[in-house]
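Just below is one structure, and these are the notes that go with it.
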Amino acid sequence: MKVAIIFLLSALTLLSLAGDTFSAKVTGKEPDCRNAMVGCPRIYDPVCGIDGITYANECVLCSENRKRIEPVLIRKGGQC
């Protein structure tokens, strides 16, 4: 019985540590760049990048990412 309790406590500890490590690595959502090669629509649907800049829409963010070495992820939908 004591062995089972120690095993369960160890497993819970490992799972909680693994959960914290995973959430620390995720800082933003990757933009959907499938249509960015054709051209961006002129629809204003702002997204906030992890760089603190508001982009007019996800496609505009994709266009900017093609010019950069390290791509910008989406922090949230809407203005920063």
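The values are calculated or read from the model by the stated rules, or taken from the named source; none is laboratory data. None of the values given here were measured: they were computed from a predicted structure. When we count neighbours, we look across all protein chains shown, and the Cβ atoms used for this are built from the backbone with ideal geometry, even at glycine. Heads up: the accessible areas ignore ligands, DNA and RNA and are worked out on the full protein's heavy atoms, side chains in. Shrake-Rupley method; radii C 1.70, N 1.55, O 1.52, S 1.80 Å.
For Asn57, state whether it is touching a strand residue (DSSP E or B) at 6+ places or on another chain (Cβ under 8 Å), polar (S, T, N, Q), modelled with pLDDT of 70 or more and surrounded by 10 or more Cβ atoms within 10 Å (Cβ to Cβ).
Yes: the conditions hold for Asn57.
So, in the range 1-52, how many residues would count as being within 25 Å of Glu70 (Cβ to Cβ), open to solvent by less than 80 Å² (accessible area, probe 1.4 Å), at pLDDT 65 or above and not small (Gly, Ala, Ser)?
Number satisfying all stated conditions: 9.
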